[in-house]
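In what follows, a single structure is set out as C-alpha cells and then discussed.
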Amino acid sequence: MPVKQTLIIVHGMGDPKDFEKEVIDSLNSGLKLYPAYKKKKIEQLVDIVYYDYDTIFNKYRKAMADSAKPFADRLAALRKAGQSPIEGDFLTWESEIDSDTFFRTHWLDVLFYCYTFLAEPARIGLARKIVEAVDKRGSQNVHVLGHSLGTSVVHDTLESLYKKYEGHDRKKNLDPSTHRLGSVHLVANVSNLLESFCEVEKSLVRPPDGCANAYYQYRHAVDPITWPSPFEPIENGFWTSAIIADDLQYRVVRPSAVLDLNTHAITHYLRDPVCHGPLLQTLNLELTNDDIKSAAQTYSADSLQGKAELLRDRWKELEVDRLEGIPALIQAAQALRDMLANFGKTFKE
Amino acid sequence: MQTLRAVVFSGILACGPLSLPAAAQALPPEDIQENCSRYRNDVKERDAAQRWKRVADLAKDVGDEYCGGSLSPDKLPVALFEFLSESSRELDSLGIDEKLFPFRQQLPKAKAIVDAERGIPNMAMLPPGQATGVSFEGPVRVNDVPACDRAVAAARETKQLAAQSCRQLLESLQASYEPLQLLVQRAYTKEVKQYLEGLQLRWDDFLTRSRAQTALELAVNSYLWRGDKTSGMFLEPPTWQLVLLHPSVVLEYVDKAIDGNRSEEGLMLEVIGANWWRNKHWYLPTGASYVLVYSDRAGLPDWANGVAVYFDSKYVLGATRRDGNTGYFISVDLLELYKDKKKTLDKYTRNLPKELPK
C-alpha cells in the first residue's frame, strides 16, 4: 500500500471560509467519474491540509479600522457641527476598511500581499505547514496546490524556503535535492503576473533540480484572470526544452469546458477531469490517461453550450491579455465580476 | 556476496570524511532514539518493501546499524549511497539493466550531493497511470515495461521476490529507501522547523504589539522594511516604525483656557515620529513624534504644535503650545485603560461590605 500523500491547499483572494470544503467537494465529485473510486472519499485517500493566510490580513485590516474609527467619527461629528479642521476624506477609507465589500475583501488582499510586509508572515505560515508535512511524511509525499493569489503565495514561499541564500546557514532553508516535493499545482497561476522579489522564470520552483518533481499549472481557456502575463517557461538555463516537453515534470493544463460562468472558481477547475486527473495521478491514485479522457467526455456533456465563445469574445473585447501587473489582475477580475453580475451571479473564487 | 556493513565501510573509506553538517552530526542519544522510533514506524507503514526481500534486508542492515549506534548520523548518506549502488546491482542481476531502467546513470548525481555534504536525494514513484519509474533527480523511466514485467516474472520463478510487476518491484525499492532517507531529511527539517516557529512568533509579536498603522504608514514602512528582500530568505519583522501623518483622538487639558473649556477632546495629527515597538519596559517610552493638535476653545487658536511620547506603542502622553499657553494631552487609549481599571476597581469596591466590621 503506497504511503498516503499530503496535499496542502492555499486559497486565493476574498473570503476563504469555504475554500477547503470546495476543494474537497470538487475532488469528491470528480472521483465519482471513475468506477474504481466512485465510492471513495478524497479525505480517505489523501491528507488535505488547508492553509489560510487571510486571517493575518483580516486581523490587520480590523486593527487599522479600529485605530482609525475614533478619529473618523470625531471628524465627521465636527463637520456636522460646521467645523472642518481637515479637508478631504481623511481616514474614512481606513475606518471602513473592515466592512465586507468586494474591493475590501478581494483587492485589498492583493494589495496587502504585493505591497506590504504582511506578505512575509503569510509566507512564513505556509512554509511552516510545508515543513511540518515534510517532517511527518517525507517531502516526496507532500504536494502543494495554490489557487489564484494563492499561486503567488505558494511560489514565493517555496522560493524563500528552498533557495540557498549566500550567508545563510543551512538551518533556515530546505535543500531541493534532499527535500524535493512531490508536486506543485498552480491553478489559475498568477505568480508571473505578481512577480516581486524573484524572477519566476529563474526560480527554484521548477522540476527536476528545483524544489518539486512536477510543476503543473492550470489555465482555463476563458478565465480572464489567467490572461495577463501568463507564465510560459522558455529554455533559459533553468528550464530546458526537455523539461518543458516532459509531461511528468511540467504541464500546462488548459481546460476549456464551461459548466459555470465563473470560470475562475476553484470548483470549476477541480471538477473538470482535465484538471483533477493529473492532480490525482500525482497523489498516487491509480488513474490511467484513458480513464481521465473518458471522464472528461462525461463531464463536458453538461457544458453550457455557446458560453465559452461568449466569454472569449468578451475578454478579447476588453483586451485583458494586454494588461500588465497588479492593475491587470484587478481589472480582469472586475470584468469577470461585472459579467457575472449581468447574469445575476456573484463572483466568488 | 559482501555484507552491507563491509560495503558501507569500504564506501566510507573510499569517499573520505563525508559528513552531514555539524548540527546533524551532534545528535544527542535521545534524538537518535526518537529518530529510530519514527524510522521503525515508517518501515512498518511501507510493507511494500517486503516484496523484494533482498533489498529490504539491505535497508534493514543500514537501519539497524544506525539505531544500534554503530553508524553515526553523519555517515548515513554514505551508507545510503552504498545501499543504492548495491540495489542497482541487484536490479542488474534480475535482468533489469541500464537499457531497461537507467537508474545507475543517476547515481553520480546522488554521489555529488553526498560529496557536497548536502545529504542524499529523496526518491518518489512516478505517478501511476503515467509511467513506471522513479523520480530521483529527475524522472527515471522504465523504457520497456513489458520487458521489465517479464524480468520480474522470471525472477519470481526463482523465488527471489514477491513483486508481481515491474512497478511493484520499484515500489519495493522506493519503500526500502524512503524510511532511511527520511532520517537524513529530518536531521534538517527539525532545525528549519524550529527557525520558522521562532520567526513566526516574532512576527506575531510584532503584529500584536506594534502601533496600528494607516494605509500610508503601512505602505511606507513596508517599503523601508523590504530593503534587500530576495530569494532564499524570510525577513524578520521591522524593528521600528515610522510614524507619518498619523491621526488619533486625544484629551487635552489647557490650564489657561477659560473655565469649562480646559479639558477638551482634540484631534491629533502626528506629523512625523518613530516607534521602537520591541521595548518591553512599560515605564520607558517606545517612541515620540512631532504633532499638531486641533481643539476648539474660546479665545485660543484651534491648532497647537506639540510633542507626543508613546508607551507600550499604544499610550500617548504629550504637551502642546499655543499662543504661549502649554497644554497636556493623553490618548483616548490611555483613557480607556484608566476607565477599564476604574471599572475593575468599582466592581471590586461594590463587593466590599458597606461598613468595615468594628
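The values are calculated or read from the model by the stated rules, or taken from the named source; none is laboratory data. Everything numeric in this text was worked out from a predicted model, so none of it was measured. Backbone-built Cβ (ideal geometry, glycine too); neighbour counts: all protein chains shown.
Taking residue B:141 and the conditions (1) closer than 19 Å to residue A:207 by Cβ; (2) in contact with a strand residue (DSSP E or B) (Cβ under 9 Å, 6 or more places away or on another chain); (3) surrounded by 23 or more Cβ atoms within 10 Å (Cβ to Cβ); (4) not β-branched (Val, Ile, Thr), which numbered condition does it fall short on, given that it satisfies the others?
Condition not satisfied by residue B:141: (3).
Which one is modelled with the lowest pLDDT among residues in the range B:246-260 that are out of contact with any Gly (no Cβ under 8 Å at 6 or more places or on another chain) and surrounded by 14 or more Cβ atoms within 10 Å (Cβ to Cβ)?
B:256
Which one is surrounded by the most Cβ atoms within 10 Å (Cβ to Cβ), of the residues in the range B:263-283 that are within 40 Å of the chain's Cα centre (by Cα) and small (Gly, Ala, Ser)?
B:273
Out of the range A:23-41, which residues are surrounded by fewer than 18 Cβ atoms within 10 Å (Cβ to Cβ) and either on the phi > 0 side of the Ramachandran plot or not polar (S, T, N, Q) (or both)?
A:25, A:32, A:35, A:36, A:38, A:39, A:40, A:41
Exactly one condition in (1) of a type outside the set (Asp, Glu); (2) part of a helix (DSSP H, G or I); (3) out of contact with any Pro (no Cβ under 6 Å at 6 or more places or on another chain) is not met by residue A:50; state its number.
Of (1) of a type outside the set (Asp, Glu); (2) part of a helix (DSSP H, G or I); (3) out of contact with any Pro (no Cβ under 6 Å at 6 or more places or on another chain), only one is false for residue A:50: (2).
So, in the range A:195-206, how many residues would count as being surrounded by fewer than 24 Cβ atoms within 10 Å (Cβ to Cβ), part of a loop (DSSP other than H, G, I, E, B) and either facing chain B (nearest Cβ under 10 Å) or in contact with a Leu (Cβ under 8 Å, 6 or more places away or on another chain) (or both)?
Looking only at that region, the number is 6.
Among the residues of the range B:135-172, count how many are more than 29 Å from residue A:244 (Cβ to Cβ), within 13 Å of chain A (Cβ to nearest Cβ) and either assigned to a helix (DSSP H, G or I) or of a type in the set (D, E, K, R) (or both).
Number of matching residues: 2.
For the range A:293-334, give me each residue that is among the hydrophobic types (A, V, I, L, M, F, W, C), at pLDDT 80 or above, surrounded by fewer than 19 Cβ atoms within 10 Å (Cβ to Cβ) and in contact with a Leu (Cβ under 8 Å, 6 or more places away or on another chain).
none
Rundown of residues vs (1) assigned to a loop (DSSP other than H, G, I, E, B); (2) touching a helix residue (DSSP H, G or I) at 6+ places or on another chain (Cβ under 6 Å), yes/no style:
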site: A:239; (1), (2): yes, no
site: A:243; (1), (2): no, no
site: A:248; (1), (2): yes, no
site: A:252; (1), (2): no, no
site: A:260; (1), (2): yes, yes
site: A:264; (1), (2): yes, yes
site: A:269; (1), (2): no, yes
site: A:275; (1), (2): no, yes
site: A:279; (1), (2): no, no
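For the range B:112-134, enumerate the residues that are more than 25 Å from residue B:160 (Cα to Cα) and either touching a residue at least 60 places away in the same chain (Cβ under 8 Å) or at the interface with chain A (Cβ under 7 Å from one of its Cβ atoms) (or both).
B:113, B:114, B:115, B:117, B:118, B:119, B:120, B:121, B:122, B:127, B:129, B:130
Could you look through the range B:90-130, keep only residues that are buried (at least 23 other Cβ atoms within 10 Å of the Cβ) and not hydrophobic (A, V, I, L, M, F, W, C), and pick out the one that is farthest from residue B:46 (Cα to Cα)?
B:119
If I filter the range B:149-160 for residues that are crowded, with 20+ Cβ neighbours inside 10 Å and in contact with a strand residue (DSSP E or B) (Cβ under 8 Å, 6 or more places away or on another chain), do I get at least one hit?
Scanning the range B:149-160 turns up no residue that is crowded, with 20+ Cβ neighbours inside 10 Å and in contact with a strand residue (DSSP E or B) (Cβ under 8 Å, 6 or more places away or on another chain).
Consider residue A:75 carefully, then state whether it is without any contact (Cβ under 8 Å) to a residue 40 or more places away in the chain, buried (at least 17 other Cβ atoms within 10 Å of the Cβ) and part of a helix (DSSP H, G or I).
yes
Could you figure out which of (1) assigned to a loop (DSSP other than H, G, I, E, B); (2) in contact (Cβ under 8 Å) with a residue 40 or more places away in the chain isn't true of residue A:216?
Just one mismatch for residue A:216, condition (1).
Any idea which residue in the range B:44-59 is farthest from residue B:92 (Cα to Cα), counting only those that are touching a residue at least 40 places away in the same chain (Cβ under 8 Å), surrounded by fewer than 20 Cβ atoms within 10 Å (Cβ to Cβ) and of a type outside the set (Asp, Glu)?
B:50
Can you tell me which residue among A:132, A:159, A:235 is free of Cβ contacts under 8 Å to residues at least 12 places away in the same chain and closer than 24 Å to residue A:48 by Cα?
That would be A:132, the only listed residue that is free of Cβ contacts under 8 Å to residues at least 12 places away in the same chain and closer than 24 Å to residue A:48 by Cα.
Just to be sure before I move on: is residue A:127 more than 9 Å from chain B (Cβ to nearest Cβ) and either on the phi < 0 side of the Ramachandran plot or assigned to a loop (DSSP other than H, G, I, E, B) (or both) in the structure I sent?
No.
With the condition kept exactly as written, say whether any residue in the range A:235-246 is among the charged types (D, E, K, R), in contact with a Gly (Cβ under 7 Å, 6 or more places away or on another chain), crowded, with 17+ Cβ neighbours inside 10 Å and within 13 Å of chain B (Cβ to nearest Cβ).
No, the conditions are met nowhere in the range A:235-246.
Being part of a helix (DSSP H, G or I) and under 28 Å from residue A:14 (Cβ atoms) narrows it down to one residue among A:313, A:290; which is it?
Going through A:313, A:290 in turn, just one is part of a helix (DSSP H, G or I) and under 28 Å from residue A:14 (Cβ atoms): A:313.
Kindly indicate the residue of the range B:284-299 that is of a type in the set (Gly, Ala, Ser) and under 40 Å from the mean Cα position of the chain (by Cα) and also surrounded by the fewest Cβ atoms within 10 Å (Cβ to Cβ) among those meeting that condition.
Selected residue: B:288.
Looking at (1) of a type in the set (A, V, I, L, M, F, W, C); (2) within 14 Å of chain A (Cβ to nearest Cβ); (3) assigned to a loop (DSSP other than H, G, I, E, B), which one does residue B:101 not meet, given that it meets all the others?
(2)
Across the range B:209-257, what is the total count of residues that are charged (D, E, K, R) and more than 10 Å from chain A (Cβ to nearest Cβ)?
4
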